[in-house]
Amino acid sequence: MNSVFMNTYHRLPVTFARGEGCWLFDINGKKYLDFSSGIAVSPLGHNYPPLVRAVTEQAGKYFHVCNYYQSDVTAAFAEKLMEACSPAGMKKVFLANSGAEANEGACKLARKYSLKKYGPGRHTIVTLRGSFHGRTITTLAATGQDIFHRDFGPFTEGFVHIQGGDIAALDKALDGKTVAGLLIEAVQGESGILPQTQEFIAAVAKLCAERDILLMFDEIQCGMGRTGTFLALQQYKDSSGNPVKADVVTLAKGIAGGIPAGAVLAGEKVCDVFTVGDHGSTFGGNPIAAAAGLVVLKMATDSGLLAEISRKGEMLMAALRQQPEVKEVRGMGLMIGFDIEGNARTLLEAAIARADLAKNQCGLLALSAGTNTVRLLPPYIINDEEIEQGLGILRELLVSE
Ligand SMILES: *Cc1c(COP(=O)(O)O)cnc(C)c1O
């Protein structure tokens, strides 16, 4: 069945037929508790009625009008998104379709800003080792993991990777003569859920501001409420104790509840850098994605729901810390990683294989990062009972590991 696909994914042996809330059902009727939301893409779970309604209503009006015209629903979405991101200093948005595309847009924005203000030669973008920024030739260059760099060179020039947490290395790398911007995940996702320290972000914010280097947060995985604040960067303070402000923020993954979408948000310094013809995307701002995004935004900006995300995350992390087989637990809100002795992928396979109709037993969907880290990104709508159920399965698998 999978032989027509290029061999780019190690797909687990389960084929889904439908979903309901935090549950997915395979083609044989077996049930799986979703602790991954795709990869943080379905914050409202599956078949969430207001989301289904918004998407079908929009589909009955129009699917697409190109960006040479205006769309009521796309404009409404962009306005709500900017409201949500204004505390982080965001003023204007460019709508894209994916994370990599959003980061590409951010890099273009940084380069043009610097070129217009300082002339050529100041185009380097600094990122962190272990970061993940996408799969295009440029966003691979930005990604600070050598494993992704094999076989695909030459890459876009002008990317430098430094060790996160190393303030001396940061100070050295952020050279005001050659560097246009710094791109950073507040919580590194793909490399195993690694939140940046307050100290490091404060140093980043200070040095970027002093040297007019654009501070760009890749919130593709950690944004949209995932960590208990709308953006993860909102949990960090600058060296004066004020909330950190960004120059650029990128979003994607959960932004439209499972419909492809991405966004480049820009603050005061850069929001008018692009002019007509500088950038574009045929599908960017798709009306169906915008209709879905409006529903996600309403939820992900609700202070009650955000508090619940934090509480549920704490509950999960506290329980995992009690488990002797678990070596380390890291996370913010419902973005959690924990290290185990054994192979994380083996655990994920066992979590799926556990689903059994005769035994009336369900499976569990989780993610791995590297060899030994299990990653949990449950939908925001998960309830305490489902969390307990998932923890029960994890305990069982950890003990029999
Ligand atoms: C997933 C991800 C990307 C890439 O997004 P795509 O939609 O797969 O292109 C970029 N940055 C981060 C932090 C991500 O988690």
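The values are calculated or read from the model by the stated rules, or taken from the named source; none is laboratory data. Being a predicted model, the structure only gives us computed values, none of them experimental. Here the Cβ is made from the backbone with ideal geometry for all residues, glycine too, and neighbour counts use every protein chain on show.
Tabulated results
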read-out	value
Residue in the range 193-214 that is without any contact (Cβ under 8 Å) to a residue 12 or more places away in the chain, within 16 Å of the ligand (Cβ to nearest atom) and among the β-branched types (Val, Ile, Thr) present	no
Conditions (1) more than 12 Å from the ligand (Cβ to nearest atom); (2) in contact with a helix residue (DSSP H, G or I) (Cβ under 9 Å, 6 or more places away or on another chain); (3) assigned to a helix (DSSP H, G or I): number failed by ALA169	(2)
Selection count, the range 203-232, where residues are in a strand (DSSP E or B) and touching a Phe, Trp or Tyr at 6+ places or on another chain (Cβ under 8 Å)	1
Check on ALA180, more than 15 Å from the ligand (Cβ to nearest atom), more than 13 Å from the chain's Cα centre (by Cα) and surrounded by fewer than 20 Cβ atoms within 10 Å (Cβ to Cβ)	no
Helices (runs of 4 or more DSSP H) within the range 10-112 that include 1 or more residues in contact with a Cys (Cβ under 7 Å, 6 or more places away or on another chain) and away from the ligand (no atom under 16 Å from the Cβ)	none
Breaking point among (1) touching a Pro at 6+ places or on another chain (Cβ under 9 Å); (2) more than 30 Å from LEU397 (Cβ to Cβ); (3) within 16 Å of the ligand (Cβ to nearest atom), for GLY262	(1)
The range 272-311: number of residues that are buried (at least 19 other Cβ atoms within 10 Å of the Cβ) and in a loop (DSSP other than H, G, I, E, B)	5
Number of the condition not met by GLU401 [criteria: (1) modelled with pLDDT under 95; (2) crowded, with 21+ Cβ neighbours inside 10 Å]	(2)
Pair list, Cβ under 6 Å, 6 or more apart: the range 133-145 residue farther than 14 Å from VAL160 by Cβ, other residue within 12 Å of the ligand (Cβ to nearest atom) and in a loop (DSSP other than H, G, I, E, B)	THR139/HIS133
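Residue-wise test of (1) more than 23 Å from ILE387 (Cα to Cα); (2) β-branched (Val, Ile, Thr).
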| residue | (1), (2) |
| --- | --- |
| LEU194 | no, no |
| GLU199 | yes, no |
| CYS208 | yes, no |
| MET216 | yes, no |
| LEU231 | yes, no |
| PHE274 | yes, no |
| ILE288 | yes, yes |
| LYS298 | yes, no |
